[in-house]
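Shown next, in structure tokens, is the structure this report addresses.
The values are calculated or read from the model by the stated rules, or taken from the named source; none is laboratory data. Small disclaimer: the values here were computed from a predicted structure and weren't measured. So basically every Cβ, Gly included, is an ideal-geometry build from the backbone, and we count neighbours across all protein chains shown. Heads up: the accessible areas ignore ligands, DNA and RNA and are worked out on the full protein's heavy atoms, side chains in. Shrake-Rupley method; radii C 1.70, N 1.55, O 1.52, S 1.80 Å.
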Amino acid sequence: KVNTSMLEVAAMMYREIDAEVADVRRTIYSSLFPSSGGKSEQILVCQNSTGQQDKQPIVFEAPLDAKSTFSCHSGNQELEVQRIEPKYLNENPKFAILAALPPYGLKTFHLTQKPHTGPGQSPSSKEITNEFYAVRWESHDSAFSIRDFQSGQTLLFRPFSGDIRRVNETLWPAPNTGENFRAKNFAEITYNTSVEASGPLCHSLFVGGNILTLATTEYPAAWVAARANLYQGIK
């Protein structure tokens, strides 16, 4: 409970700062862009720091409730938006757009809030795919298995490796709880995997595991997490 409280305080501080920054942005954008004719619009400005003009994913967060999402307009073109539900209670939902940005330039998108029909059922498969790749978590290897359809080759990517610091400090008192923590190493961790997002634009495979637990329970005091993301039409 102590650790959860600290996380909540940190999240609250971040939300307060982010709200102030967003207010400054809105003031600036309202002076740069014409009025939307009474519509409740938000401005999303994206920067391309490379010389590539290919379509690329744009992922952003917004503090919307479970009943809301966005429609996105760039000029006369409407872009599809996929809502990605938060993994944790103190996180905002994410939204994914696929768009081409000008090389070394900026592009402005207009976002209009609209009702969200709700997420579909989570797929039972533990694998995500697009036209080019298939990604699966291999529990026995503790690695992402990435299969390239074009070359027919498969490689393993291990996001968790090496030693966990203080792994030899097996017992020490937890503050304000009177219980003890026990540190694990990566070989001990049992990883849980789930398809975090599955939709027309983005597929995301989430893997997490507890690296520090209470000696008497499995209450997670610290954890590791990794994600593999695939986007439709993007190699």
Along principal axes, Cα extents of segment 53-97, largest first, whole Å
35, 21, 11
Keeping every protein chain in place, order Ile28, Ile146 by accessible area at 1.4 Å, biggest value first, i.e. largest first.
Ile28, Ile146
To the nearest 10 Å², what's Tyr133's accessible area with a 1.4 Å probe?
50 Å²
Solvent-accessible ranking of Lys55, Lys67, largest area first, probe 1.4 Å
Lys67, Lys55
Note on segment 80-156: alpha-carbon gyration tensor, axes a ≥ b ≥ c; rule is a/c under 1.5 for rounded, else prolate if a/b larger than b/c, else oblate; result oblate
Of the listed peptides 57-66, 136-145, what is their order by residue-averaged count of other C-beta atoms within 10 Å, with the highest listed first?
136-145, 57-66
